[in-house]
Amino acid sequence: MIVGVPKEIKNNENRVALTPAGAKELTKRNHQLFVQSSAGEGSGFSDGDYESAGATILPTIEEVYSSAEMITKVKEPIEPEYSLIKKDQLVFTYFHFASYEPLTKAMMESKSVCLAYETVEKPDRSLPLLVPMSEVAGRMSVQQGAKFLEKPMKGRGVLLGGVPGVKPANVLIIGGGIVGTEAAKMAAGLGAHVTIADLNLKRLRYLDDVMPPNVDTVISNEFVIREEIKRSDLIIGAVLIHGAKAPKLITRDMLTDMKPGTVLVDVAVDQGGCFETTKPTTHQDPIYIIDDVVHYSVANMPGAVPYTSTLALTNATLPYAIELAGKGWKKACSDNNELKLGLNIINGDVVYQGVADAFGLPMNDVNGYLS
Ligand SMILES: NC(=O)c1ccc[n+]([C@@H]2O[C@H](COP(=O)([O-])OP(=O)(O)OC[C@H]3O[C@@H](n4cnc5c(N)ncnc54)[C@H](O)[C@@H]3O)[C@@H](O)[C@H]2O)c1
C-alpha cells in the first residue's frame, strides 16, 4: 500500500504519526512510504532518518495527500487539510468527531474512510490508542505540579519530597485510572505523601496492593474530598466517566478551604474539567490564580514532550497501521474487531453511534461496508 505521513499543521503540534523505526517496519513489508519534508523535526527526527528507513520525502503536504492510499497522522485534520483528503482514502488519526461538527461534515463530504484512534477498543473496553497519552499526561502532571509549587512560580514554596527533618508535600489524586496511577507513581517516587481517591473499590484494592507505602487510597465522595483538600499541597484531577463530561468534584467554595499557594492540575480539562473553576489553558500561558489557588489546566499536556509522546503513541498505533497497510481497511477491520470499532465515517456515511448521536445524523451498519 502507499502510505503517507503529512507534517502536523495544528498550532503547537510537534508530534508525528510515524518514527523512523516505524517507517522501517512498513518499508520492509514492501509498502511505499511518503513522508512530508520536516514532518519529524518537532520530535527530533530528520528527513535523512526517514530516508534511511526507506521512505521517500515529499516537499509539500499536497503531494503527500495526493499520493497516498492511507494517511496516518496525529491530530484531527484542520480546515486547510479538508480539501486534500480524497474519496476512498483511509485516514488513520485522532478525530474526536463528536466534539466538532464542521470536521464531521467535511469528512463526510470527502467520501474518505475515517478510522479514529480514540475509538479503537479492546474487548475489555479499554482504549489502546488513548492510553499512551494518558500515561504521558499522568506522569507530567506531577512534574508540572512540582514546578508550580515553587514560590517564584506562584506556588506554596513546598518541595514535594521534603528533606530529612521536614515532612514531604501531600498530593491528592482524584481518579485512580491510567492518569491517576502514573501520577501516583511519580509523586510517590519523589517522596511525597500521596492519596488516591476513586469511586471504584476494586481499583482501589488493586492500587493498594501495588503502590509503595507512601500512597494511601480513599473512596471518593464529597465529604472525603472536602477533608483531603485542606491538607493537600498539590491536587490532581484525573477522573473520567466514559462518554460524559467530567463531574465537578471541587467546587468554587472549596478553594477557600485550601492552603494559599496550593496547586490544582486538572488533567481532565479535555472533558470539561473536574474542578468548577477549571478553564482550558495553553503551554504558553499554563496557569491562572483564583482565591490564591494556582490552576494548571493545559488541554494537550503531551504536546510539551513531543519526543516521548511520539514514541509512546507510535508504539501503540504501529501494529494497527501495519495491519491496515497489509490487508487494506476492509479485510483488516473484518478480521480485527478492535480496528472495526475505530471506523467512524465511510464514504460519507456515519458508522459510529456516538458521532451519529452527537449531530442527529443517520447511523449506518458498519458491517455493510466490509468485505
Ligand atoms: N489534559 C491532557 O492533556 C490529557 C491527556 C490525556 C488524558 N486526559 C484526560 O485525563 C482524564 C483521565 O483519563 P484516564 O485515561 O486516566 O481515564 P481512566 O478511565 O483510566 O480513569 C478514570 C478514573 O476516574 C475514576 N472516577 C470516575 N468518577 C470518579 C469520581 N467521582 N471520583 C473519583 N474517581 C472517579 C474512574 O473510576 C477511573 O478509575 C480523562 O478526562 C482524559 O481525557 C487529558
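The values are calculated or read from the model by the stated rules, or taken from the named source; none is laboratory data. Remember, it's a predicted structure, so these values are computed and weren't measured experimentally. All Cβ positions, even for glycine, are placed from backbone atoms using ideal geometry, and neighbour counts span all protein chains on display. Note: accessible area is taken over every heavy atom of the protein model, side chains too, but ligands, DNA and RNA are not part of it. Shrake-Rupley method; radii C 1.70, N 1.55, O 1.52, S 1.80 Å.
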Q. Just in segment 56-88: which trypsin sites (Lys or Arg not before Pro) are loop by DSSP and have at most 16 other Cβ atoms within 10 Å?
A. Lys86, Lys87
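Let's test the formula: R0 of 56 Å, r as the Cβ-Cβ distance of Ala21 and Lys248. What FRET efficiency results, to the nearest 0.05?
0.85
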Q) Using alpha carbon centroids, what distance separates segment 230-272 and segment 352-371, in Å? A) 35 Å
Q. Using θ = phi - 60° and the Karplus curve 6.51 cos²θ - 1.76 cosθ + 1.60, what whole-Hz ³J(HN,Hα) does each residue of segment 273-281 get, with Gly and Pro shown as x?
A. x, 9, 10, 4, 8, 6, 9, x, 10
Q. Taking the Cα-to-Cβ direction at Glu109 and at Val210 and moving 7 Å from each Cα, how far apart do the two end points lie in nm?
A. 4.6 nm
Q. Residue separation times 0.36 nm, minus the C-alpha to C-alpha distance between His283 and Ser46: what's the value?
A. 82.9 nm
Q) Given the rule -39500 (n - 2.57) for each run of at least 4 DSSP H residues, summed and divided by the residues of the chain, what is its mean residue ellipticity at 222 nm, to the nearest 500 deg cm²/dmol? A) -10000 deg cm²/dmol
Q. Do you know the relative contact order of segment 1-144, to the nearest whole percent, from alpha carbon pairs under 8 angstrom that are 6+ apart?
A. 20 percent
(Q) Under a crude label model (7 Å from the Cα following the beta-carbon direction), how far is Phe223 from Tyr82 in nanometres? (A) 5.3 nm
Q | Length-normalised contact order of the chain in % [C-alpha pairs under 8 Å, at least 6 apart] | A | 17 percent
Q. So, in nm, how far is label Ser66 from label Asn11 when the simple model puts each one 7 Å beyond its Cα toward the Cβ?
A. 3.0 nm
**Q.** Per-selection metrics, the chain (Cα): Rg and Dmax in Å
**A.** 22.0, 68
(Q) At 1.4 Å probe size, with the rest of the protein present, what percent of the exposed accessible area of the chain is carbon and sulfur atoms? (A) 53 percent
Q) In a shell of Cβ-Cβ distance under 15 Å around Thr217, excluding Thr217 itself, what net charge do Lys and Arg (+1) and Asp and Glu (-1) give? A) -2
Q: Express in nm, to one decimal, how much length is gained between Leu201 and Leu159 on full extension, taking 0.36 nm for each residue of separation and deducting their alpha carbon distance.
A: 12.0 nm
Q. Counting alpha carbon pairs within less than 8 Å and at least 6 residues apart, what relative contact order, in whole percent, applies to segment 203-262?
A. 35 percent
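Roll a 1.4 Å probe over the protein chains and send me the accessible area per residue for the chain in Å².
Per-residue accessible area for the chain comes out at 43 Å².
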**Q.** Of all DSSP beta bridges in segment 201-324, antiparallel share, percent nearest 5
**A.** 30 percent
Q.
Once R0 is set to 56 Å, what does the formula 1/(1 + (r/R0)^6) return for the Cβ-Cβ distance between Asp335 and Ile290, expressed as a FRET efficiency to the nearest 0.05?
A. 0.60
Q.
What FRET efficiency comes out for Ser38 versus Ala299 if R0 is 25 angstrom and r is the Cβ-Cβ distance? Round to the nearest 0.05.
A. 0.50
